1. What spacing in nm lies between the two simple spin-label points modelled at Arg781 and Ala109, each 7 Å away from Cα in the Cβ direction?
2. Below 8 Å between Cα atoms, with a sequence gap of 6+, how large is the relative contact order for the chain in percent?
3. Using a Förster radius of 51 Å, what is the FRET efficiency between Arg529 and Glu835 based on their Cβ-Cβ separation? Nearest 0.05, please.
4. Using the Cα centre of the chain as the reference point, and only Cβ charges (+1 on K/R, -1 on D/E), how large is the resulting charge dipole? Debye, rounded to the nearest 20.
5. Whole number please: convex hull volume per residue of the Cα set in the chain, in Å³?
6. Over the heavy atoms of Ser140, what accessible area does a 1.4 Å probe trace out, to the nearest 10 Å²?
7. Once you keep just the Cα pairs under 8 angstrom separated by 6 or more residues, what percentage relative contact order results for segment 597-795?
8. What does the helix-only formula give at 222 nm for the chain: each DSSP H stretch with n ≥ 4 adding -39500 (n - 2.57), the total divided by the residues, and the result rounded to the nearest 500 deg cm²/dmol?
Amino acid sequence: MLLERGHLLERLSEALDDAIRGRGRMVLVSGEAGAGKSSLVERFLADARDRDPRPDTLVGHCDPLTTPRPLGPLLDVARRPESGFGALPEGQLDPYAIFDRVLERLCDAPTVLVIEDVHWADAATLDMLRYVGRRVALTSAVTVVTYRGDEVGTTHPLARVLGELATGGGAVSRLEIPPLSVDAVRELRAGSGGLRADEIHRITGGNAFFVTELLASGETVPATVRDAVLARLATLDHDVRALADAVAVAPRDLSARHAVELAGVGHEVLERVGSSAVLVTDGADLRFRHELARLAVLESLDPFRAASLHRSMLDLLIAEGSDDHARLAHHAIGAGDTELVVEHATTAARQASVRGALRQAADLYGAVLDHGARLSRRDEAALLVECSPALLTLDRISEALRRADAAVERAREVDDPELLGRALVARAQVRWYANMLDPIGADLDEAIEVLTSDGPSTALVRALAQVAQQAMVDRRYDAAVGHARRALDLARSLDDDEGIIRSLHALGCAEIVTGDADEGERVMLEALRAAEHLGHGGHAATVVGNLGSGLGEVRRYEPARRHLARAIELGVRRDADQAVAYGHGWMARIDLEQGRWTEAVERLRGHDWWGGASASFVKVTALAVIGRVRVRRGDPGAVEALERAVDLGRSGALQHLWPAVCALAELHWLHGRSAPAVELLQPLYERALATDSAWAQGEIAFWLWMNGGLDAPPPRAAEPFRLQMLGDWEGAAETWHALGCPYEEALALSDGDDDAALRALDTFDALGARPAAGRLRAALRGRDIGSIPRGPRPTTRAHPAGLTARQAEVLALLGDGLSNAEIADRLFISAKTVEHHVSAVLTKLGVRTRAEAVAAVSGDC
């Protein structure tokens, strides 16, 4: 009997109506354990099967295994011929190929896809839900997802997915199953003795499972559901209770054939299952009516009895040649069979890694390593190395460090140079994520030494590429290029395709940020083509993202924007949220540097840059942009954003730290506080001088110079900074103008003659750079200048683009095709003044040409 659920069924039916019309929906059904989620879904499926036309119905379950099966629900669905999925591919496969297949299937025909109990889902299944949820409106399916809301806290892996799906608009909705009312309990109790309905409701809180189990047991009201279930079990005959014990050790369900064999009972016992009110049949399988009941039974088993049942189940699976290594590992752990834990959990961990279920891979590797007494030192070291990528991805840095240290220690105990080299490289990677930069060099130097002595190998290629990558991060050109070329030569001699991609990637990055940017872009594009040709989607996304950020760092904005846009697109398609966030952070930095401050801030909205799950370097990039916009506009909160960025990036790479520190120095300069700016910049300047980064040296030196802490530029400083520090304000301004950096151009013009300074003031006003404009106005008052513009007036704020009335007049005349001289004659002003107005209009509209300005306000672009 399904009571007080009619309105929920109507909502599900409406979602199915939309799906049949080609507007797919995802419905997230939540409720506490025992609220009746499965009962609601079963009724909905029954109603759906009675429709005309009848939709396809596909059901998959997430398992409460010790470590869940990667993509377990999809495996359930794919086993049924009517699913249309066919066998899921095995081997080295991008899991998004599977997700694409799911999406295509959901677009083929009206379908109801149910994924039950996603609070137990593996990471790959959560990725699949995120992928489908973002695109569900394009399907002809209603995807119903059930989970226990009371078990999904803020740190639960599902919580983030639910938060992201909440932005899916009308295509994604939630249903929360409420407790039963006293009236519903009274109706369920009709014909039964015992407690009154209101007392039952008070004790159970209206939980449907508690109520039905209580009523089915016929016993005194139990204190907990465990008592209710065990009370009911006590009324069953011995054979049915034995069957329940057997099913309890097999999560979710167990084939009836296995169950009777495990319990040591006859098949006739199955006929009595239906009346037990504990077990139910599901096709050829048996399962508990509620998972809480299974857990209650499992916890009540004598430990020796539970281990014996796990052992028997393990023997049955092995005898049948089962290849479900996750399930085999679960029972091996329950049986305490260390040897089989090592065998099956190792295989299951590697399968989980291939399918992208990194959380499950990490847990399975942990299960193996926790039984490491049976492992050889060599095997233990190899597994410790293998688990590092999963732990890093999951942000389990402290565990990753512990495992990485153990890997090196174990590898030193065996005579295997390749294994030691791999362990050292893995630890270096972990230390980079942990911002432990100082010991990285020693790890990588030793890795190269031991691997070189062992002869050519793919492990040596990866070590050399990692050394090159680290040298690139440190902005040391010769070291980065030398190791990258050595890695590339070796990779080509070994026909190591992945090694070639890694080597080209490191070489191209190094050229872009410290060498020949044109050559670097060419090499990176070669790496990108190779990655795409070989189907290495992860490498392709990384290459194009670093191509965009590298070109952005050296102020090649047009190609940087193009590559970053592609990186974001690839990240969205692959649901690689961290890569998407980093791409947006860099796009915002380019917006900032090109004077598009509003766009920069808007691009960064909607993400927790102060906390959140993104890596530190991602947050530092974004916070530096947010803080610097606030500095230049004179908005509050600049110090907080920049100090947070500096704190996050203090022990990290210079490339991520220097923009935030320079922004703080700029803030000090704007307020006439030179001494703290110099103190802040001096140690960073020493770090920059040890690099080959012209842009790091240039900007840090520039703000030292602006604050009186430096007299001349370093020889390697980037051109526009160098020119201004040498007194060539005009050359600096021209260079900044060519690069498309209006604020920096105005800073250079501020050092010029009166006309140049007035142009600078006009640009500052156009940008909304109130502090810089105020500082320049104060300086101009000391000059013999007749009239200093007052700055933005109230009329400026009335124009959508922030144009003054005069600027709007000039723009309208540009639309009429007039030249500067003609506009000057029309408005009775000088041609030079018109030129200033035109420059301000272009800056405020964020365009480069007069034609683009006219098109921008006419809606043509």
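1. According to this spin-label approximation, the distance is 8.1 nm.
2. Rounded, it is 6 percent for the chain.
3. Working from the Cβ atoms, E equals 0.65.
4. It works out to roughly 2100 debye.
5. Convex hull of Cα atoms, per residue: 200 Å³.
6. Accessible area, nearest 10 Å²: 20 Å².
7. Values: 266 pairs, mean separation 25.8, N = 199.
Reported relative contact order: 13 percent.
8. -20000 deg cm²/dmol
The values are calculated or read from the model by the stated rules, or taken from the named source; none is laboratory data. Fair warning: this is a prediction, and the values are worked out from it, not measured in the lab. Cβ: placed from backbone, ideal geometry, glycine included. Neighbour counts: every protein chain shown. Quick note on the areas: whole protein, heavy atoms, side chains included, nothing else; ligands and nucleic acids left out. Shrake-Rupley method; radii C 1.70, N 1.55, O 1.52, S 1.80 Å.
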